[in-house]
Amino acid sequence: MSKNEQQYLDFARDVLTNGEFKGDRTGTGTYSVFGRQMRYDLAEGFPLLTTKKVPFGLIKSELLWFLNGDTNIRFLLEHKNHIWDEWAFKNWVESAEYTGPDMTDFGRRSLADPDFKVLYDEQHKLFCDSILNDDAFAAKFGELGAVYGAQWRHWKKVQGGFIDQIGDVVAEIKRNPNSRRLIVSAWNPEEVPSQALPPCHSLFQFYVNNGKLSLQLYQRSADIFLGVPFNIASYSLLVHMVAAQTGLEVGEFIHTFGDAHIYSNHVDQIEEQLSRPMLELPKLVLNPDVKSLFDYTMADIKVENYQSAGSIKAPVAV
């Protein structure tokens, strides 16, 4: 089966076996290692994991959200994507304008508590409906600060104005593919305090050789069970999209980690995933008629023949 998926499973098994237990910002606790790397040959197949279902629609909408330079979750909710809800929801329930039941430590309370889950679901639905239907509410509580989209497309210059990092890099790949400066940084120290979540996937670099485009990502913090499968697929998709717009074939996605960890409340889920057999990787298909990286829509991006062993649910640490 796929070497692409096997290395992810070996990585997860290694951290589960050899990771050091340490505390973390969320209060959950992790099994952690520092400094690892994986390489995905994108010609082998699109690395969407098969040992658990990874919802590709969420990956597409999140990446398009980044590429649009958007930082408000309304776009995501319009595409039924809730993966950034918790940070915005937290801002609302901790604000002076919130008048509902106490949700301030919702991220650390067990959703197995039936009474709490009913309250949480009611408040979360109210929050999402308000984001979608109330412009003023969305503007105030849907904003996550200068997260990925802002840094990728609208990096603030000290002397005024903005830098479109992605746009500039794509233009440079076409003009000078041998450049060693094909870099996009999401880590902006000045804006970290204002971001709902400082960038975990913090810097990436493109590389062109023999007509193939590769990308290396440095990820400072990596949630191996929930986050990393999304990151693998998202950046692999980005390689395919940029390659399509620069006349190149796809090469590798190289994933380099700082603190890579398994949350203590994800151990059972990881063990279940490791017990499952791998299936064949799917094929990615992009609409060849799209002429700009920034013109792709959800309908222009598809995977064919994706099969998986089914979803495995786990709580998000906020």
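Structure summary
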quantity: Subset of segment 1-38 (residues that are among the β-branched types (Val, Ile, Thr) and either open to solvent by 10 Å² or more (accessible area, probe 1.4 Å) or modelled with pLDDT of 95 or more (or both)); calculated: Val15, Thr17, Thr28, Thr30, Val33
quantity: Lys60 vs. criteria touching a residue at least 12 places away in the same chain (Cβ under 8 Å), closer than 30 Å to Gln273 by Cβ and touching a Leu at 6+ places or on another chain (Cβ under 8 Å); calculated: yes
quantity: Segment 288-318 - residue that is free of Cβ contacts under 8 Å to residues at least 24 places away in the same chain and either aromatic (Phe, Trp, Tyr) or touching a strand residue (DSSP E or B) at 6+ places or on another chain (Cβ under 7 Å) (or both) and, of those, farthest from Glu62 (Cα to Cα); calculated: Glu304
quantity: Unmet criterion (only one of (1) without any contact (Cβ under 8 Å) to a residue 24 or more places away in the chain; (2) touching a helix residue (DSSP H, G or I) at 6+ places or on another chain (Cβ under 7 Å)) for Arg13; calculated: (1)
quantity: Candidates Val285, Val250 - the one that is within 25 Å of Lys3 (Cβ to Cβ) and either without any contact (Cβ under 8 Å) to a residue 24 or more places away in the chain or of a type in the set (Ser, Thr, Tyr) (or both); calculated: Val285
quantity: Sole exception among (1) at pLDDT below 95; (2) under 14 Å from Ala196 (Cα atoms); (3) touching a strand residue (DSSP E or B) at 6+ places or on another chain (Cβ under 9 Å) for Lys157, by number; calculated: (2)
quantity: In segment 135-166, residue farthest from Leu293 (Cα to Cα) [restricted to those that are touching a Lys or Arg at 6+ places or on another chain (Cβ under 7 Å) and either surrounded by fewer than 17 Cβ atoms within 10 Å (Cβ to Cβ) or small (Gly, Ala, Ser) (or both)]; calculated: Ala138
quantity: Pairs where the first residue, in segment 256-274, is more than 20 Å from Arg36 (Cα to Cα) and open to solvent by 40 Å² or more (accessible area, probe 1.4 Å) and the second is part of a strand (DSSP E or B) and not hydroxyl-bearing (Ser, Thr, Tyr), C-beta under 7 Å, 6+ apart; calculated: none
quantity: Single condition Phe127 does not satisfy, out of (1) surrounded by 15 or more Cβ atoms within 10 Å (Cβ to Cβ); (2) out of contact with any Asp or Glu (no Cβ under 8 Å at 6 or more places or on another chain); calculated: (2)
quantity: Hits in segment 131-190 - residues which are part of a helix (DSSP H, G or I), among the hydrophobic types (A, V, I, L, M, F, W, C) and under 18 Å from the mean Cα position of the chain (by Cα); calculated: Ala150, Trp152, Ile166
quantity: Residues of segment 203-233 that turn out to be closer than 19 Å to Ala146 by Cβ, open to solvent by 10 Å² or more (accessible area, probe 1.4 Å) and out of contact with any Gly (no Cβ under 8 Å at 6 or more places or on another chain), as a count; calculated: 1
quantity: Top-ranked residue of segment 300-318 - restricted to ones that are within 18 Å of the chain's Cα centre (by Cα), among the hydrophobic types (A, V, I, L, M, F, W, C) and under 16 Å from Glu271 (Cβ atoms), ranked as modelled with the highest pLDDT; calculated: Ile312
quantity: Residue, farthest from Gly69 (Cα to Cα), within segment 126-163, restricted to residues that are of a type in the set (Asp, Glu) and free of Cβ contacts under 8 Å to residues at least 40 places away in the same chain; calculated: Asp129
quantity: Residue among Asp70, Asp41 that alone is in contact with a helix residue (DSSP H, G or I) (Cβ under 6 Å, 6 or more places away or on another chain), farther than 15 Å from Leu126 by Cβ, open to solvent by 10 Å² or more (accessible area, probe 1.4 Å) and of a type outside the set (Lys, Arg); calculated: Asp70
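The values are calculated or read from the model by the stated rules, or taken from the named source; none is laboratory data. Note that this is a predicted model, so its numbers are computed, not measured. Note that we place each Cβ from the backbone using ideal geometry, even for glycine, and neighbour counts take in every protein chain shown. We work out accessible area using only protein heavy atoms, side chains counted, and drop any ligands, DNA or RNA first. Shrake-Rupley method; radii C 1.70, N 1.55, O 1.52, S 1.80 Å.
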